[in-house]
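**Student:** Got a structure here, written out as structure tokens. Questions coming.
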Amino acid sequence: MNIKWKNTSFILLVGLMLSSCQNPSKVYQYEDYVSNLTYVDQFLICQLGDLHLSKASFLDDDFAYIEKTIKSYSVVKNVPYEMAKPNILIFNGDTFMNADKNVVIKTLDFIDSLDIPYAFTWGNHDLQGSYYPEFILDELSKRPNSLLKNPKDDNVYGNCNYVVNLFHMDELMFQLYFLDSNSFVFAGYDTFHQDQIDWYEKMVIESQRLSSNPTKSLAFFHIPTIEFETAINQFDAKMGEVKKDEYNYCYINESISYPNKNSGLVDKMFELNSTVGIGVNHDHVNSTDLWYYGQYDHPIRLIYGNKATRNIYYDDDMLGAAFYTLNEKVNALDEKTNKKSYFKLTKVLVPYDEEKEVSIEWER
């Protein structure tokens with residue numbers, strides 16, 4: 001594991017130093033990267049991103065909004081919260097920026113109080129704070145609801161490369177992959193490293209022994225890949241000003257910030273035919289659900305999750321969360337499209353203004 005310094009004026013110098021160093025060579029087993037949860041019918045995932053909680057944040061207000069957002073799915077479905085409580089929360093990068101230890105501890109105390117298992121991925125700003133680089137990881141390792149697996153000094157670049165397996169009895173039904181999309185390098189963003197892609201391939205292949213059928217998965221990381229821009233450009237060329245068609249939704253208000261180098265991770269995902277959707281954040285006022293095929297006959301859905309909280313820049317009309325509902329039969333065909341539909345995506349808009357109603361932005 002390489003800790004990547006993302007804060008202070010030394011960021012470029014340290015980034016250069018780290019990029020020139022080889023990772024430690026300690027090798028861990030499959031189980032060291034895995035947390036397990038029980039798979040249930042209509043398993044519900046809530047993706048939250050870009051909270052940017054800091055020393056300047058009004059934490060009580062932010063916590064109240066986050067809790068409202070987590071409960072928003074039950075509101076739009078008009079059911080009691082206990083019937084639509086997420087089975088897992090995903091904090092998909094930039095949870096913190098310019099925070100201190102007190103902000104981190106208060107935030108994790110609040111998250112634990114929700115009594116929902118949660119996963120954490122690194123963003124490019126999480127280490128910009130008044131704490132030593134491993135502080136957040138150390139705190140997460142103590143938390144009863146945290147699903148983080150982060151073996152020390154492993155041979156996989158970055159932090160927070162791990163998997164959550166969803167089991168029914170002894171059968172692996174579905175997987176959630178979490179990867180570190182890394183941070184700044186030179187004048188742009190770093191990319192996935194080859195050892196991360198090798199790790200992903202190894203985990204997918206070894207997982208097949210736990211299931212009688214090929215296991216499908218979702219992948220979550222903070223910074224989008226170049227395929228997001230490709231898919232967005234293809235959609236724009238076809239649809240023009242129209243934001244959606246039968247399968248796709250695409251609302252772009254800022255440029256897509258992706259690494260200059262294509263790591264090949266998405267190509268590997270296509271090749272292995274496990275991952276059926278990718279959830280990112282990072283660009284605060286973009287929102288997508290694009291069925292991207294590349295050169296293949298099976299799609300990967302490319303999803304920009306919504307920003308939660310008003311910290312840093314935002315659009316009041318785009319704040320909220322993305323909810324993924326896993327189908328009871330993950331290989332079932334969608335009745336309308338006759339395509340395999342492994343999950344339903346519901347993007348929910350959650351206004352700060354109490355006079356405005358919670359609403360569905362997109363559902364497919």
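The values are calculated or read from the model by the stated rules, or taken from the named source; none is laboratory data. Just so you know, these numbers come straight off a predicted model, no measurement behind them. With ideal geometry, Cβ positions are generated from the backbone for all residues, glycine too; neighbour counts draw on all protein chains shown. We work out accessible area using only protein heavy atoms, side chains counted, and drop any ligands, DNA or RNA first. Shrake-Rupley method; radii C 1.70, N 1.55, O 1.52, S 1.80 Å.
**Student:** Indicate the gyration tensor shape class of the stretch 98-198 (rounded, prolate or oblate), computed on the Cα atoms with a ≥ b ≥ c the square roots of the eigenvalues: a/c under 1.5 is rounded; otherwise a/b larger than b/c is prolate and the rest oblate.
**Tutor:** The shape class here is oblate.
**Student:** Over the stretch 197-333, what per residue volume does the convex hull of the Cα atoms give, in whole Å³?
**Tutor:** Enclosed volume per residue, from the Cα hull, is 139 Å³.
**Student:** Oh, and also: Whole-Å semi-axes of the chain's equivalent ellipsoid, largest first, each the root of 5 times a Cα gyration tensor eigenvalue?
**Tutor:** Ellipsoid semi-axes (Å, largest first): 27, 25, 22.
**Student:** Per-residue ellipticity at 222 nm for the chain, helices alone: DSSP H runs ≥ 4 residues times -39500 (n - 2.57), over residue total, nearest 500 deg cm²/dmol?
**Tutor:** Helix contribution divided over all residues of the chain: -7000 deg cm²/dmol.
**Student:** Just to confirm my numbers, what's the Cα centroid distance between the stretch 189-226 and the stretch 239-276 in Å?
**Tutor:** Comparing the Cα centres of the stretch 189-226 and the stretch 239-276, I get a distance of 16 Å.
**Student:** Let me ask something additional. Percent antiparallel among DSSP beta bridges with both residues in the chain, to the nearest 5?
**Tutor:** The answer is about 50 percent antiparallel.
**Student:** So how much slack lies between Ser359 and Asp153, counting 0.36 nm per residue of separation and subtracting their Cα-Cα distance, in nm?
**Tutor:** 69.7 nm
**Student:** If the reach is capped at under 18 angstrom between alpha carbons, list the lysines near Lys202, excluding any in the same chain fewer than eight residues apart.
**Tutor:** Within the straight-line limit of under 18 Å, Lys202 reaches these lysines: Lys26, Lys149, Lys216, Lys268.
**Student:** Please report the carbon-and-sulfur percent of the accessible area for the stretch 186-296; probe 1.4 Å, protein heavy atoms only, DNA, RNA and ligands left out.
**Tutor:** 48
**Student:** For the stretch 176-247, restrict the atom set to alpha-carbon positions and state the Rg and Dmax in Å.
**Tutor:** 16.6, 46
**Student:** Now for a different question. Express in % the proportion of alpha carbon pairs of the stretch 30-140 at distances exceeding 19 Å.
**Tutor:** 48
**Student:** Sticking with this structure for a sec: Within the set Lys68/Lys238; Lys244/Lys344; Lys243/Lys307; Lys261/Lys340, which residue pairs have Cα atoms separated by over 26 Å?
**Tutor:** Violating the 26 Å Cα-Cα cut-off are Lys68/Lys238; Lys261/Lys340.
**Student:** Please list Arg310, Arg209, Arg364 in order of solvent-accessible area, largest first, computed with a 1.4 Å probe with all protein chains present.
**Tutor:** Arg209, Arg310, Arg364
**Student:** Please tell me the relative contact order of the chain in percent, rounded to the nearest whole number, where contacts are Cα pairs under 8 Å and at least six residues apart.
**Tutor:** 20
**Student:** How big is the accessible area of Ile226 in square angstrom, nearest 10, if you roll a 1.4 angstrom probe over the protein chains?
**Tutor:** Probe radius 1.4 Å; accessible area of Ile226 about 50 Å².
**Student:** Kindly sort Ser255, Ser359 by accessible area of their heavy atoms, largest first, with the probe set to 1.4 Å.
**Tutor:** The most accessible residue leads, giving Ser255, Ser359.
**Student:** Which order do you get for His193, His284 if you rank them by accessible area with a 1.4 Å probe, largest at the top?
**Tutor:** Order by accessible area, largest first: His193, His284.
**Student:** Using alpha-carbon pairs under 8 Å, 6+ residues apart, how would you state the relative contact order of the stretch 143-224 in percent?
**Tutor:** About 30 percent, as a whole number.
**Student:** What are the aspartates and glutamates whose alpha-carbon lies under 20 Å from the alpha-carbon of Lys106, with same-chain residues fewer than 8 places away excluded?
**Tutor:** Candidates past the 8-residue exclusion: Asp50, Asp60, Asp61, Asp62, Glu67, Asp94, Asp115, Asp126, Glu134, Asp138, Glu139.
**Student:** In addition: How much solvent-accessible surface does Leu176 expose, in Å² to the nearest 10, with a 1.4 Å probe and all protein chains in place?
**Tutor:** The value for Leu176 is about 0 Å².
**Student:** Using a 1.4 Å probe and ignoring any ligands, DNA or RNA, find the accessible area of Ser217 and quote it in Å² to the nearest 10.
**Tutor:** Solvent-accessible area, nearest 10 Å²: 0 Å².
**Student:** Using r as the Cβ-Cβ distance of Ile226 and Tyr28, and R0 as 22 Å, what FRET efficiency do you calculate, to the nearest 0.05?
**Tutor:** Once the sixth-power term is evaluated, E becomes 0.15.
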